[in-house]
1. May I ask you to list pairs of residues, at least six apart or on different chains, whose Cβ atoms are under 7 Å apart, with the first in the range 191-203 being surrounded by fewer than 17 Cβ atoms within 10 Å (Cβ to Cβ) and the second being of a type in the set (Asp, Glu)?
2. Report yes if Tyr87 is of a type outside the set (A, V, I, L, M), open to solvent by less than 70 Å² (accessible area, probe 1.4 Å) and touching a Leu at 6+ places or on another chain (Cβ under 9 Å), otherwise no.
3. Could you please let me know if Ser146 is surrounded by fewer than 15 Cβ atoms within 10 Å (Cβ to Cβ) and either of a type in the set (Ser, Thr, Tyr) or at pLDDT 95 or above (or both)?
4. Restricting to the range 170-210, and then to whatever is of a type in the set (Val, Ile, Thr) and touching a Ser or Thr at 6+ places or on another chain (Cβ under 8 Å), can you tell me which residue is nearest to Cys130 (Cα to Cα)?
5. Quick test for you: out of His82, His110, pick the one residue that is touching a strand residue (DSSP E or B) at 6+ places or on another chain (Cβ under 7 Å), open to solvent by less than 70 Å² (accessible area, probe 1.4 Å) and assigned to a helix (DSSP H, G or I).
6. Using the structure shown, decide if Phe163 is over 23 Å from Tyr36 (Cα atoms), open to solvent by less than 10 Å² (accessible area, probe 1.4 Å) and aromatic (Phe, Trp, Tyr).
7. Just to verify a result, which residue in the range 162-210, among those that are of a type in the set (Asp, Glu) and over 16 Å from Ala66 (Cβ atoms), is farthest from the chain's Cα centre (by Cα)?
8. Have a look at Phe70, Phe127 and point out the one that is open to solvent by less than 30 Å² (accessible area, probe 1.4 Å), closer than 30 Å to Pro189 by Cβ, of a type outside the set (A, V, I, L, M) and in contact (Cβ under 8 Å) with a residue 60 or more places away in the chain.
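The values are calculated or read from the model by the stated rules, or taken from the named source; none is laboratory data. Everything quoted here is computed from the prediction, not taken from an experiment. Here the Cβ positions follow ideal geometry from the backbone for every residue, glycine too, while neighbour counts run over all protein chains shown. All accessible areas refer to the heavy atoms of the entire protein, side chains included, with ligands and DNA or RNA removed. Shrake-Rupley method; radii C 1.70, N 1.55, O 1.52, S 1.80 Å.
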Amino acid sequence: MTYLWQQAGLVLDSRAHSVFRKADEILEVTWGNDGYVLNKEKFCSLSEYTSLLENRQYSVLLSDGAILQFSFSLKRNRIIKHRLCWYPSPIDLESTDLEVESITDKILEHMGNGDLEKFIPKSPIRFDYCEADATDEHPEVHMHMSVESCRIPVRTPLCLQKFLKFIVENFYPELHSNSPLITKIKSFPGKDTLTEHQKRKMHINIISGI
C-alpha cells in the first residue's frame, strides 16, 4: 500500500512495519515499536496530533499532513484486534510548507501570528476491533470520532482495503475508490459482530465480503 501511494506522490513519510511478539501467543503487526504510549485522553486534540507527528507514530504521513495508522493483532493466524486511524491535519497546508519547515513548526507559526483562518478543525476517524473487550456498550468493532467515548457500532472488522476505501470515498473523492490505489490492496472477508442490542441502534453496516 505504501509503495503504491508513494508512487502516486501522496506520501510524505512512512514507517516500516514489523511483527512483535506479545503475551499469550499474540503477534502484533504495527509501525516501529519505540516505547511511545498512545494517550486516549487527548484524542482529537492539537497536542495529540503534534505529538504523534513529532514521534513518528504513524504508518504513513500523507502529503496533506494527514496521519494513517495501521495495526493488527493475530493469534494462531486469526486477526483478533485492529487499529485503523485517519488523523487529518488541523491546519491548511501548502505544498511549500512541507518543503521548508516541519508541520509542527508551521502550526506554531500560525498560532503565534494569530492566523486563525489557517486552522480547520477536523475529527480523526478511528476503527477499533477487539474481541476481548466486547460488550453491548463497547462494541467488538466500533468507530471513534471527535471524542474517545464515541463508539459507533460497526458490523465487521475492516481489512486495509475497506478502511482506505471508506477514507477515500469520504475525504479524498478525487482519488476514486475504484483506483488501483485501493483495488490492488489485499482484502479479507469479515464477520457479523453486532449483538441484537447494537443492531437496534444506529450503526455502520458493511455487507460486501461478509
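1. Thr195/Asp136; His197/Asp136
2. It is true that Tyr87 is of a type outside the set (A, V, I, L, M), open to solvent by less than 70 Å² (accessible area, probe 1.4 Å) and touching a Leu at 6+ places or on another chain (Cβ under 9 Å).
3. yes
4. Thr193
5. Going through His82, His110 in turn, just one is touching a strand residue (DSSP E or B) at 6+ places or on another chain (Cβ under 7 Å), open to solvent by less than 70 Å² (accessible area, probe 1.4 Å) and assigned to a helix (DSSP H, G or I): His110.
6. yes
7. Of everything passing the filter in the range 162-210, Glu196 is farthest from the chain's Cα centre (by Cα).
8. Phe70
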